[in-house]
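Everything below concerns the one structure shown next.
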Amino acid sequence: MAWLLWIWALVTALAVSGRRALSYAFYRCKNRQHSLLMPMAVAGPLLFRIGYNLYAHTRLGYLLYKRQVKKARQRYPQGHSIPQPVEFNGLKILPIPVLSDNYSYLVIDTDSNSAVVVDPSDPLAVQRVIQEEKVTLEAILCTHKHWDHSGGNTALRRWYGSCRVYGSSFDNIPELTDPLTDKEAVVIGRLNFKALFTPGHTLGHMVYVLDGKPFEGPSSLFSGDLLFLSGCGRIFEGTPETMLASLDIAADLAEDTLLWPGHEYALECLMFASLLEAENPILKQKLQWVNQQRLEKRSTCPSTIGEEKQYNPFLRTHCKEIQEAMDLQRQREEDWDNFRARVLKEVRLRKDVYKANL
């Protein structure tokens, strides 16, 4: 029974956005007055892996996701944030706040009223926006298999029978109809997406870049759990080296590319970043703006790739300031990217245990 409680606590922690899983497990067990479990901390990494596998690969994860959806609908009937749609000439991008901090995105070609949804966590929330916009759902783009990004696929496919589901064949994405490879295009009317293979968070994680040229605007990156405003996803199914390569793919996009992340983590991520670069003026300015946005419950997306490169520590492993904050130095004859991966690993480890006072 004790082991089951530990596994349940770990899986629940992963369902709650996957953050601070071990500390959350300790908290749950402590509140259940199972202090005898505390010595099991030595088995933490193993138990964490067991919990993650249960969440990601079994029906238990789906049941926890369903519970998450139910609670979020009750707590945030209008969504956790006030979204800020962006429109260009013939294009509309609508963030849909779902669960406690996720974002789905409805991308509309306004000339044809064709629409694509990215990572439909809550199918009812997505359906409501589709009906309000009076558009036809043509496709689902799924960044990865985790239920908080793919949980709405089955219902939406049932309601919109001709809708296709795109994603990586390396992830077990529900209702996948069109497996994609790296740099493969998905074209829906004038909506031209390029899928980029970005493993690290999961084995088959993909991001999608929408070409902005047909709409006389910038491109858009729908980054799932690869990249957040001033943050990046946990490395669940990869190594720091694979995650670094994936982050470099995002960093190499045009500076004006709009970043549409999978979660509203901006305030906590910027507060963490400010611990590493306290004197970064651009970071200070962004943190002040985000703090005001969140006080008003407003969404903080999008940012841009250019902005992120100025304050996101996970895109700044090449910077002396971040290396010094991690107390790391490049060893003689050490490969540059290997050193950067060491820096990334240390930043990620520190972020994993960081808890902001929000």
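Rolling a 1.4 angstrom probe over the protein heavy atoms with all chains in place gives region 272-317 an accessible area of 45 Å² per residue.
Based on DSSP H segments of at least four residues, each scored -39500 (n - 2.57), the chain has a per-residue ellipticity at 222 nm of -12500 deg cm²/dmol. Expressed as a whole percent, the accessible area of region 195-322 that falls on carbon and sulfur atoms is 55 (1.4 Å probe). Residue by residue, region 143-152 carries 3J(HN,Hα) couplings of 6, 6, 7, 3, 4, 6, 10, 10, x, x Hz when phi is fed to the Karplus relation 6.51 cos²θ - 1.76 cosθ + 1.60 (θ = phi - 60°); x denotes Gly or Pro.
Per-residue 3J(HN,Hα) values for region 273-282, derived from phi via the Karplus relation 6.51 cos²θ - 1.76 cosθ + 1.60 with θ = phi - 60°, read 4, 5, 6, 8, 9, 4, 9, 6, x, 5 Hz in sequence order (x marks Gly and Pro).
One Cα centroid belongs to region 107-135, the other to region 282-354; the line between them spans 33 Å. Note on Lys320: lysines with a C-alpha under 20 Å away, same-chain residues under 8 apart excluded, are Lys284, Lys309, Lys345, Lys351.
Net charge in the neighbourhood of Leu229 (other residues with Cβ under 9 Å of its Cβ; Lys, Arg +1, Asp, Glu -1) is -2. Comparing mean-square fluctuations of Leu46, Leu141, Leu124 from a GNM of the chain with C-alpha springs under 10 Å, the top value falls on Leu46.
Placing unit charges on each Cβ (+1 for Lys and Arg, -1 for Asp and Glu) gives the chain a dipole about its Cα centre, and among Leu91, Asn192, Asn291 the Cα reaching farthest toward its positive end belongs to Asn291. Placing +1 on each Lys and Arg Cβ and -1 on each Asp and Glu Cβ, with no other charges, gives the chain a dipole about its Cα centre of roughly 1760 debye.
Summarising the amide proton neighbourhood of Gly212: residues at separation of 5 or more, or on other chains, whose placed amide H is nearer than 5 Å comprise Ser219, Ser220.
FRET efficiency for the Ala278 to Arg128 pair, using the beta carbon distance and R₀ = 56 Å, is estimated at 0.85. With the Kirkwood sum run over all distinct C-alpha pairs, region 245-358 has a hydrodynamic radius of 14.9 Å. Across Leu227, Leu64, Leu270, mean-square fluctuation computed from a Gaussian network of the chain (C-alpha pairs under 10 Å connected) peaks at Leu64. Per-residue Karplus couplings for region 106-115, computed as 6.51 cos²θ - 1.76 cosθ + 1.60 with θ equal to phi - 60°, are listed in order as 9, 10, 10, 7, 6, 6, 9, 6, 7, 9 Hz, Gly and Pro entered as x.
When Rg and Dmax are taken over the Cα atoms of region 44-93, they come to 17.5, 52 Å.
Within region 189-246, the proportion of Cα pairs with more than 18 Å between them is 38 percent. For Ser223, the residues whose modelled amide H falls within less than 5 Å of its own, excluding neighbours fewer than 5 places apart on the same chain, are Trp260, Gly262. When the Gaussian network model of the chain links Cα atoms closer than 10 Å, the mean-square fluctuations of Asp327, Asp337, Asp178 top out at Asp327.
Here's the picture: charge each Lys and Arg Cβ at +1 and each Asp and Glu Cβ at -1 in the chain, and of Pro240, Leu267, Ala278 the one pushed furthest to the positive end of that dipole is Leu267.
Each listed q (0.08, 0.13 Å⁻¹) maps to a log10 I(q)/I(0) for the chain, found by the Debye formula over equal Cα scatterers with no solvent: -0.38, -1.04.
Shown for region 115-260 is the translational diffusion coefficient from the Stokes-Einstein equation, using the Kirkwood radius over Cα pairs, a temperature of 10 °C and a viscosity of 1.306 mPa s: 103 µm²/s.
The values are calculated or read from the model by the stated rules, or taken from the named source; none is laboratory data. The shown structure was predicted, so the numbers you read here are calculated from the model rather than taken from an experiment. Glycine also receives a Cβ, built like all others from the backbone with ideal geometry; neighbour counts cover every protein chain displayed. The protein model used for the area step is the full one, side chains on, heavy atoms only, and it has no ligands, DNA or RNA in it. Shrake-Rupley method; radii C 1.70, N 1.55, O 1.52, S 1.80 Å.
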